[in-house]
Amino acid sequence: MRFSKSDRIVVLTGAGISAESGLKTFRDSDGLWENYRVEDVATPQAFHRNPELVWEFYKQRYEQLKTAKPNPAHFTLKKLEDFAQTNFSLITQNVDGLHFQAGNNNVLEMHGSILRCFCVKCRNNYPISDVDLEKPIPFCEKCKGMLRPDVVWFGEIPYHLEKINILLQKADYFIIIGTSGVVYPAAGFLQTAKYYGAMTIGINREKPANYYLIDKFYLGKAGEVLPKLVDEWIE
Ligand code: NAD
Ligand code: ZN
């Protein structure tokens, strides 16, 4: 198999691609994300109930990100974008910003990013580096409303869904990497892409829940498997 420059390549990544950068996934730790219960830190109800706890969790994630570096899988996707240029699109469920750090440009962060926050009252956006994280809960400079991380929590609607739907319909190749195929709507993208005629490819350390929709599946760690595959595909 070889990609040509006119092929439209769409990639979906999940927490598994960042595992080798030292960031934990939650499927691998029994529904816990870095030792927190997802219901306590990643839902709008949790923020309403206990914003301090939610901030404590995201402050830790931000601290961890300061030393996390993109791994060979991230850099390989940069190489793929350099090859396919505007025919390449990267959709990520990750909130860690590592794809941008690796140099990718065409990235849709469908679940937002830990590196940004916004005011729940006036919706003003702030880069997290501008926010005073010494406070238990940071507040908006303009209206004194509470700030929250700009991440999409369970029960909220992901970003960029219309754009993603168009990409899936036009894709020649749809590749999923490091995602369990359990969290919707992202888990349904494979089906859309396949029904519209894309060849579907999966790289994961275990068979994902939507394995039956994958035409070519490669079992293994993204940082080890992906660089070799992409070398073959674009040689
Ligand atoms: P998930 O935790 O549900 O699944 C991760 C998948 O990656 C699993 O199937 C696992 O077997 C696989 N995996 C683990 N290590 C791997 C490796 N080295 N190479 C290849 N595959 C590997 O993740 P998800 O499907 O992305 O859903 C979790 C949600 O939680 C996401 O929507 C995301 O917003 C959030 N989350 C984000 C991060 C992050 O930004 N780094 C980390 C944890 C959770
Ligand atoms: Zn405000």
### Task
Output the residues belonging to the range 180-235 that are in contact (Cβ under 8 Å) with a residue 60 or more places away in the chain, assigned to a loop (DSSP other than H, G, I, E, B) and either open to solvent by 10 Å² or more (accessible area, probe 1.4 Å) or within 24 Å of P70 (Cα to Cα) (or both).
S180, V182, V183, R205, K221, E235
### Query
For the range 37-58, which residues satisfy the criterion of being assigned to a helix (DSSP H, G or I) and open to solvent by 40 Å² or more (accessible area, probe 1.4 Å)?
E39, D40, P44, Q45, H48, R49, E52, L53, E56
### Query
Out of G197, G188, G155, which single residue is more than 12 Å from ligand 1 (Cβ to nearest atom), out of contact with any Leu (no Cβ under 9 Å at 6 or more places or on another chain) and at pLDDT below 95?
G155
### Task
Check off (1) within 11 Å of ligand 1 (Cβ to nearest atom); (2) in a loop (DSSP other than H, G, I, E, B); (3) surrounded by 22 or more Cβ atoms within 10 Å (Cβ to Cβ) for S18 and give me the number that stays unchecked.
(2)
### Task
State all residues of the range 154-175 that are among the aliphatic types (A, V, I, L, M), in contact (Cβ under 8 Å) with a residue 12 or more places away in the chain and more than 29 Å from F47 (Cβ to Cβ); if no residue qualifies, say none.
L167, L168, A171, I175
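For (1) loosely packed, with under 13 Cβ neighbours inside 10 Å; (2) touching a Phe, Trp or Tyr at 6+ places or on another chain (Cβ under 6 Å); (3) of a type in the set (A, V, I, L, M), each residue gets a yes or a no:
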residue	(1), (2), (3)
K66	yes, no, no
K79	no, no, no
F83	no, no, no
T92	no, no, no
M110	no, yes, yes
S113	no, no, no
D130	yes, no, no
C140	no, no, no
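The values are calculated or read from the model by the stated rules, or taken from the named source; none is laboratory data. Being a predicted model, the structure only gives us computed values, none of them experimental. Reconstructed Cβ throughout: ideal geometry from the backbone, glycine too, with neighbour counts over all protein chains shown. These accessible areas exclude ligands, DNA and RNA; they are computed on the full protein's heavy atoms, side chains included. Shrake-Rupley method; radii C 1.70, N 1.55, O 1.52, S 1.80 Å.
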